[in-house]
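The values are calculated or read from the model by the stated rules, or taken from the named source; none is laboratory data. Note that the structure is a prediction, hence the values are computed from the model and not measured. A quick note on method: Cβ atoms are made from the backbone with ideal geometry, for glycine too, and the neighbour counts reach across all protein chains shown. In case anyone asks, the SASA skips ligands and DNA or RNA and just uses the protein heavy atoms, side chains included. Shrake-Rupley method; radii C 1.70, N 1.55, O 1.52, S 1.80 Å.
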Amino acid sequence: MAKNTVKTADVRGKTDKELETRLADLRKEQFNLRFQRATGQLANTARVGHVRKEIAKITTVIGERYRKHAKVKGE
């Protein structure tokens, strides 16, 4: 595993508001990386994968929390 990846345990420790803010920042970064790649200006190509994986981790945790809350509310 790469040194600069975010661990899932760290993501789970953050609040919903922090996750939403981080997710928005990552999506903006992903957008910019796509443009850099398309124009040939992207220096660190591995960053694209790191951003994708971090977005996936955050959306997974948000989904788990949503389903847990919906299950508790439905019972």
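Values for this structure:
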{"item": "Residues located in region 16-41, provided they are part of a loop (DSSP other than H, G, I, E, B) and within 13 Å of residue 59 (Cβ to Cβ)", "result": "none"}
{"item": "Residue pairs meeting the criteria (Cβ under 7 Å; at least 6 apart or on separate chains; first of a type in the set (Ser, Thr, Tyr), in region 55-75; second at pLDDT below 95 and surrounded by fewer than 11 Cβ atoms within 10 Å (Cβ to Cβ))", "result": "none"}
{"item": "Residue satisfying all of: in region 1-15; modelled with pLDDT of 90 or more, open to solvent by 80 Å² or more (accessible area, probe 1.4 Å) and not in a helix (DSSP H, G or I); nearest to residue 50 (Cα to Cα) among these", "result": "7"}
{"item": "Region 16-52, residues that are open to solvent by less than 100 Å² (accessible area, probe 1.4 Å), over 12 Å from the mean Cα position of the chain (by Cα) and within 24 Å of residue 68 (Cβ to Cβ)", "result": "16"}
{"item": "Count - residues of region 42-53 that are of a type in the set (Ser, Thr, Tyr) and in a helix (DSSP H, G or I)", "result": "0"}
{"item": "Residues of region 23-75 classified as among the aliphatic types (A, V, I, L, M) and over 23 Å from residue 9 (Cβ atoms), total", "result": "6"}
